[in-house]
Structures are given as structure tokens and as C-alpha cells.
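FYI, it's all coordinate maths here, none of it is from the lab. Keep in mind that this is a model prediction, so the values were computed, not measured. Here the Cβ positions follow ideal geometry from the backbone for every residue, glycine too, while neighbour counts run over all protein chains shown.
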Amino acid sequence: MSLYNVTLRLLEGFSVSFQLFFGTLIFAIPLGLIISFGSMSRFKPLRWLVRTYVWIIRGTPLMLQLIIVFYGPGLMWNATAFSRMNAAFLAFIINYSAYFSEIFRGGIEGIPRGQYEAGQVLGMTKTQIFFRVVLLQVVKRIVPPMSNEIITLVKDTSLARIIAIQEITWLAQEYIASQAIIWPLFYSGVFYLAFCGILTLLFGYIEKRLSYFRV
């Protein structure tokens with residue numbers, strides 16, 4: 001089994017992992033922002049409902065959530081289950097939106113109240129204050145924790161194999177069963193390391209670009 005053939009095969013699996021990673025980010029980040037607003041709502045029933053949801057999602061394993069989303073509809077309602085990829089997308093989006101919401105909430109609540117009051121004195125609306133005064137400072141605050149979560153997401157995509165999605169780790173494991181060789185499994189780690197390295201450099205660059213904010 002040549003290195004070239006193994007690399008091509010693992011690249012196929014990595015493309016699946018990347019689709020799961022990118023799709024999760026596209027939907028989980030805006031959803032997380034919406035959830036964070038709910039967790040800060042002055043309407044107590046909504047606030048406690050959202051915070052309970054976040055507590056449950058953050059307190060249970062992603063692997064369990066994948067199993068429930070994929071197998072749950074068929075077991076409970078005899079309904080047609082999601083496709084494997086759609087179930088993975090849904091489970092990852094639900095999970096990571098809860099984590100992102102707490103990061104957003106911490107960033108927003110960390111802005112001094114005086115900045116909101118100063119905006120009101122200048123005649124700005126709440127929307128203008130949020131987008132023109134608060135948002136960039138929030139971004140500065142949340143970049144480090146968000147980068148950690150996003151890098152964790154890269155590695156968590158390997159959990160999709162629990163519902164038989166043929167991502168990179170699944171394909172690497174196939175070589176153990178079919179060819180009785182283990183090195184492709186270790187080799188798959190190179191793909192994760194390279195991708196995480198690129199993201200680390202990217203977020204380092206973003207942090208430097210935002211360094212003019214002193215918080």
C-alpha cells in the first residue's frame with residue numbers, strides 16, 4: 001500500500017470532515033449569537049428556558065447527541081431518520097451553537113455599562129450602540145475562546161464515525177481491518193495537525209489585527 005494511494009484515500013475522508021466543519025461554523029455561529037440574546041433576555045421564562053437548553057447540551061457528550069439525532073426519530077416515532085450527514089450536521093450545529101452562545105454572552109456582558117450609557121447620551125439607538133460601539137470590542141474579547149472551540153471542532157469531526165460517516169478517521173481505520181496496517185491511522189493525524197496549524201496562524205493574525213482595542 002503506497003503512501004500516495006493512502007494520501008488520496010484520506011483526502012477523500014478529509015473533504016467530508018471539512019464539509020462537516022465548515023457547515024457547522026456557518027450555522028452554529030449566528031445561531032449561537034441568537035441563543036446568547038435569549039440567555040440575556042429580561043423575560044425570565046425565556047432566559048431560564050434558553051439557559052436550561054444550553055446546560056443540557058453542554059452537559060451531555062456530543063457522541064450521545066449524534067446517536068440521539070440519528071436514531072431517535074426512528075425509535076420514538078417510527079419516522080424516517082435523517083441521512084447520516086444531515087444528522088451529523090444537526091447534532092454538531094446544536095452542540096456548538098450552545099458553546100458559542102456562552103462565549104458571545106460572556107463577551108457582550110463584559111463590555112462596561114458606561115459605554116452603553118455614553119452611546120445613549122450621544123443620541124444613538126440600542127442597535128447603533130451594539131453595532132458601532134460594542135460589536136468590535138466583543139469580537140476582540142471572544143477571539144481567543146472562539147479559536148479554541150473552532151480548533152476543537154476540527155478534531156470533534158472524527159466523532160461522526162459513530163454513525164458510520166466515512167470521514168478521515170473512519171477511512172484510516174478501514175486499513176486496519178482490510179490491510180492489517182496501522183500507520184494510516186497515525187498518518188491521518190497529520191491532516192488534523194496541518195489544518196489546526198493553519199487555523200492557529202489565522203487566529204493569531206486576527207488577534208494582532210484587533211490589538212488596537214485595549215480591553
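Quick notes on this one:
- Selected from 21, 131, 104 as most flexible by GNM, with the chain as the system and alpha-carbon contacts under 10 Å: 131
- FRET efficiency, residue 136 to residue 56 (Cβ-Cβ, R0 30 Å, nearest 0.05): 0.40
- Helical segments meeting 30 Å axial Cα length and Kyte-Doolittle 0.5 threshold in the chain (DSSP H): 3-39, 84-109, 183-209
- The mean sequence distance of close C-alpha pairs (under 8 Å, at least 6 residues apart), as a share of the length of segment 3-209, puts its relative contact order at 28 percent.
- Estimated FRET transfer efficiency when R0 is 41 angstrom, pair residue 211-residue 15 (beta carbons, to 0.05): 0.75
- With a cut-off of 13 Å between beta carbons, the residues surrounding residue 181 carry a summed charge of 0, where Lys and Arg count +1 and Asp and Glu -1.
- Computed about its Cα centre, the charge dipole of segment 105-215 is approximately 580 debye, with only Lys, Arg, Asp and Glu carrying charge at their Cβ.
- For the chain, the residue among 7, 179, 103 whose Cα projects farthest onto the positive side of the dipole built from Cβ charges is 103.
- For the chain, a simple Cβ point-charge model (Lys and Arg +1, Asp and Glu -1, everything else neutral) yields a dipole of about 860 debye relative to the Cα centre.
- Whether segment 3-209 is rounded, prolate or oblate, judged on the alpha carbon gyration tensor where a/c under 1.5 counts as rounded: oblate
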